[in-house]
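The values are calculated or read from the model by the stated rules, or taken from the named source; none is laboratory data. The model shown is predicted, which means the values in this text are computed figures rather than measured ones. Positions of Cβ are backbone-derived with ideal geometry, glycine not excepted, and every protein chain shown enters the neighbour counts.
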């Protein structure tokens with residue numbers, strides 16, 4: 001299986017190099033919740049979420065899961081659901097996955113701090129669409145929309161994501 005490798009010039013998958021952005025805090029080996037950094041290490045793709053009201057199912061691999069209107073990602077470090085998908089209503093802090101902007105129309109989930117989440121070690125490290133070229137994320141890796149669609153077709157579950165530290 002081909003690795004996704006973050007390089008100084010982009011995200012490489014085999015011979016394909018995709019322009020990308022990373023967290024506003026750069027790359028870190030000491031990831032903490034809210035630091036805005038992208039965690040260094042060897043991670044794996046564990047899932048693909050998509051907005052069924054914006055992207056047709058027929059354009060996605062069979063393992064893609066729709067994002068529902070109540071879907072959230074828990075970012076409350078002391079909650080049992082920390083760094084896991086949950087649903088509203090939810091009393092603890094969580095990020096809404098069905099956003100008004102297109103950033104989360106497609107999300108490749110990673111296994112950063114998952115499935116056994118260590119409190120305060122960081123949550124929701126995704127590959128998703130960028131706001132614009134060069135605009136940093138809150139810790140995720142982001143690419144152009146057409147590149148995200150390409151990744152969704154090519155980076156299957158288990159694909160290793162290498163972020164050099």
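Can you go through 101, 105, 111, 147 and tell me which one is more than 15 Å from the chain's Cα centre (by Cα) and farther than 20 Å from residue 25 by Cβ?
Criteria check complete, one pass: 101.
Residue 65 versus (1) loosely packed, with under 13 Cβ neighbours inside 10 Å; (2) free of Cβ contacts under 8 Å to residues at least 40 places away in the same chain; (3) under 13 Å from residue 46 (Cα atoms): which is the lone unmet condition?
Failing condition for residue 65: (1).
Please go through the stretch 93-137 and give me each residue that is without any contact (Cβ under 8 Å) to a residue 24 or more places away in the chain and in contact with a strand residue (DSSP E or B) (Cβ under 6 Å, 6 or more places away or on another chain), ordered by number.
Passing the criteria: 94, 126.
Taking residue 72 as the residue in question, decide whether it is touching a helix residue (DSSP H, G or I) at 6+ places or on another chain (Cβ under 6 Å) and in contact (Cβ under 8 Å) with a residue 24 or more places away in the chain.
On the way: touching a helix residue (DSSP H, G or I) at 6+ places or on another chain (Cβ under 6 Å): no; in contact (Cβ under 8 Å) with a residue 24 or more places away in the chain: yes.
Against the criterion (touching a helix residue (DSSP H, G or I) at 6+ places or on another chain (Cβ under 6 Å) and in contact (Cβ under 8 Å) with a residue 24 or more places away in the chain), residue 72 does not qualify.
Please find, among 41, 25, the residue that is under 20 Å from residue 114 (Cα atoms) and either surrounded by fewer than 15 Cβ atoms within 10 Å (Cβ to Cβ) or at pLDDT 95 or above (or both).
41
Quick one: which residue in 19, 77, 52 is touching a residue at least 24 places away in the same chain (Cβ under 8 Å), surrounded by fewer than 17 Cβ atoms within 10 Å (Cβ to Cβ) and either within 18 Å of residue 125 (Cα to Cα) or out of contact with any helix residue (DSSP H, G or I) (no Cβ under 7 Å at 6 or more places or on another chain) (or both)? First the steps, then the outcome.
On the way: 77 fails: surrounded by fewer than 17 Cβ atoms within 10 Å (Cβ to Cβ); 52 fails: touching a residue at least 24 places away in the same chain (Cβ under 8 Å).
Being touching a residue at least 24 places away in the same chain (Cβ under 8 Å), surrounded by fewer than 17 Cβ atoms within 10 Å (Cβ to Cβ) and either within 18 Å of residue 125 (Cα to Cα) or out of contact with any helix residue (DSSP H, G or I) (no Cβ under 7 Å at 6 or more places or on another chain) (or both) holds for just one of 19, 77, 52, which is 19.
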